[in-house]
Amino acid sequence: MASLNRIFLIGNLTRDPELRYIPSGQAVATLRMAVTERYRTKAGENREETLFIDVIVWGKSGENCAQYLKKGSPAFVEGRLRIREFEGRDGTKQRRTEVTAMRVQFLSRGVRAGGGGGEEAPPVDAGGGAPGGGEQVEEPLPPLDEDGG
């Protein structure tokens, strides 16, 4: 049976990207994105639901994200879902669902999830198997230092 693990997100960063280097010297940036869905209930009430999602960007693409994005920056991310297991500060096993980016596109402030005005910056290829993207080497990430485990 065929399978596909692909996700597309448009949202805003909730904090500045965190850039780290793993022991092999490869760069890895962690982006925290807020993605909001707006809808109307059967009763006619307007509702909003916001998800906060961690996005991992490897290599030069991660360095570019850390250089050009900041808290509040809008971005389009194409990637795949991944569950990362790690040991928490209290010694218990933790699981976190995150997105490993294959492509990050910087958006101008005028671009919204529904399309519309604003110019887009050229995409940043995160190297996840795209032509000419290079080989992506994933190693286990240490937990984040602050409020993200």
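The values are calculated or read from the model by the stated rules, or taken from the named source; none is laboratory data. Predicted model only: the values in this text are computed from it and were never measured. Cβ atoms come from the backbone with ideal geometry, glycine included; neighbour counts cover every protein chain shown.
Okay, here's what the table says:
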read-out	value
Residue in the range 20-28 that is touching an Asp or Glu at 6+ places or on another chain (Cβ under 9 Å) and within 14 Å of Met102 (Cβ to Cβ) present	no
Hits in the range 20-57 (condition: among the small types (Gly, Ala, Ser) and over 10 Å from the mean Cα position of the chain (by Cα))	Ser24, Gly25, Ala27, Ala43, Gly44
Check on Leu19, in contact (Cβ under 8 Å) with a residue 12 or more places away in the chain, under 22 Å from Gln105 (Cβ atoms) and not basic (Lys, Arg)	yes
Check on Glu85, acidic (Asp, Glu), in a strand (DSSP E or B) and modelled with pLDDT under 95	yes
Subset tally (residues that are of a type in the set (D, E, K, R) and under 11 Å from the mean Cα position of the chain (by Cα)) for the range 58-83	2
The listed residue being under 24 Å from Ser108 (Cβ atoms), among the aliphatic types (A, V, I, L, M), at pLDDT 95 or above and in contact with a helix residue (DSSP H, G or I) (Cβ under 8 Å, 6 or more places away or on another chain), out of Val28, Val35, Val57	Val57
Condition broken by Ala34, with the remaining ones in (1) over 20 Å from Ile83 (Cα atoms); (2) aliphatic (A, V, I, L, M); (3) in contact with a Phe, Trp or Tyr (Cβ under 8 Å, 6 or more places away or on another chain) satisfied	(1)
Selection status of Ala43, of a type in the set (A, V, I, L, M, F, W, C), part of a loop (DSSP other than H, G, I, E, B) and at negative phi	yes
Residue pairs meeting the criteria (Cβ under 9 Å; at least 6 apart or on separate chains; first buried (at least 20 other Cβ atoms within 10 Å of the Cβ), in the range 62-82; second assigned to a helix (DSSP H, G or I))	Ala75/Cys65
Residues of the range 96-105 satisfying the condition of being loosely packed, with under 11 Cβ neighbours inside 10 Å and in contact with a Lys or Arg (Cβ under 7 Å, 6 or more places away or on another chain)	none
